[in-house]
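Enquirer: I'd like to ask you about the structure that follows.
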Amino acid sequence: MGSLRESLNRFNKQQEKCQSTLTSIAASAAGSKASNRTTTTPAPRAVPASTLSKSPVPAVKFSNDTERLQHINNVRKSPVGAQIKKVIDLLFESRQSFTAEQINEACYVDVKGNKAVFESLAKNPKVNYDGKRFSYKSKHNVRDQKELLKLIRTFPEGIAVADLKDAYPTVMDDLQALKAGRQIWLLSNFDSQEEIAYPNDPRVPIKVDDELKQLFRSIELPRDMLDIERDLQKNGMKPATNTAKRRVMAQNGNILNKPKQKKKKKTEISKRTKLTNAHLPELFRNLNG
């Protein structure tokens, strides 16, 4: 047992010695690497103070919006009338007031920089200019259905729908709504076929008896317009048409006889004619006496 313990102690001592040797080797290797790093590391360069103070210059960006720029150029080179129409369309569709700068941003028409465009726009009957802003000017200044009905009632003889179309964007819808509500009548003109708006005055409600309606509808009018015109004349009324004249014109093809052109009389040479070519006597052998 004693010999075994001695051998074990010797083994432990050898292990400790080996461990210390390995530790010293590792420490020396680490020190040599650190010294190599310090010797090989280059010294930092001195940077000028002016370089540090200056901020980096941003990269220059060029616009790629070539198509838009070309469109602006085409608008401004177009005729004055085309530019005026472009502005009026903008004012009509938006129904807002615009300054010259706002018009330029909206439709690229340079009102401020083009004297001809500015003067034509300021004097245009469809444009209202208050010295600063431009706005659309309709024939009748109404803005909604209530004002529209009030306007129509001031025209008992009727007002043309064409004069109301540009009053405001939904005016045609309001006309149909007033017609559906039996507040106005929309009738077509016999001659021009354009619609006329007539007021249906609610203060004068008229109820027609059914028997009277039937009697009115049972009356047969002459089928020939000549007979209708004769009946009107018998009752002291002047017909608006002249069927007899129209039929004669239709038969003749509505072509007036052209005046006959007078034939030009040929001038003949006689002995009394003053001759200027006396040196050519052979031309004047056969002269009329």
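Enquirer: Please pull out the direction-averaged projected area of the stretch 210-250, using the convex hull of its alpha-carbon atoms, in nm² to one decimal place. Show your work: numbers first, answer last.
Expert: Numbers: hull surface 15.0 nm².
Taking the Cα atoms of the stretch 210-250, their convex hull projects to 3.7 nm² on average.
Enquirer: All other residues with a Cβ under 13 Å from the Cβ of HIS71 taken together, and with Lys, Arg as +1 and Asp, Glu as -1, what is their net charge?
Expert: On the way: positive: ARG68, ARG76, LYS77, LYS86; negative: ASP65, GLU67.
Here the count lands on +2.
Enquirer: Let me ask something else. My understanding is that a pair violates if its Cα-Cα distance is over 32 Å; which of LYS86/LYS179; LYS139/LYS245; LYS85/LYS146 do that in this structure?
Expert: Violating the 32 Å Cα-Cα cut-off are LYS86/LYS179; LYS139/LYS245.
Enquirer: Compute the semi-axes of the equivalent ellipsoid of the stretch 67-136, taking the square root of 5 times each eigenvalue of the Cα gyration tensor, and list them largest first in whole Å.
Expert: 19, 13, 11
Enquirer: Right, another one. Taking only the alpha-carbon atoms of the stretch 145-199, what semi-axes of the equivalent ellipsoid follow from 5 times the gyration tensor eigenvalues under a square root, in whole Å, largest first? Display every interim value, and only then the final one.
Expert: Details: eigenvalues 52, 31, 23 Å².
Working from the Cα gyration tensor, I get semi-axes of 16, 12, 11 Å.
Enquirer: Say R0 is 35 Å: what FRET efficiency, to the nearest 0.05, do ALA240 and LYS85 get from their beta-carbon distance? Let's see the in-between values first.
Expert: Details: r = 39 Å, r/R0 = 1.11.
For R0 = 35 Å, the calculated efficiency reads 0.35.
Enquirer: Using a Cα-Cα cut-off of under 15 Å, which aspartates and glutamates could be cross-linked to LYS137, ignoring same-chain neighbours fewer than 8 residues away?
Expert: Cross-link targets: ASP89, GLU93, ASP163, ASP166.
Enquirer: Continuing with this model, one more query. What is the local net charge at HIS140, summed over the other residues whose Cβ is closer than 12 Å to its Cβ (Lys, Arg +1; Asp, Glu -1)?
Expert: Cβ neighbours under 12 Å give a net charge of +2.
Each reported figure results from applying straightforward, stated rules to the coordinates on display, with no laboratory input. Values in this document were obtained by computation on a predicted structure and should not be read as measured data. Counting neighbours? That spans all protein chains shown, and the Cβs are built from the backbone with ideal geometry, glycine included.
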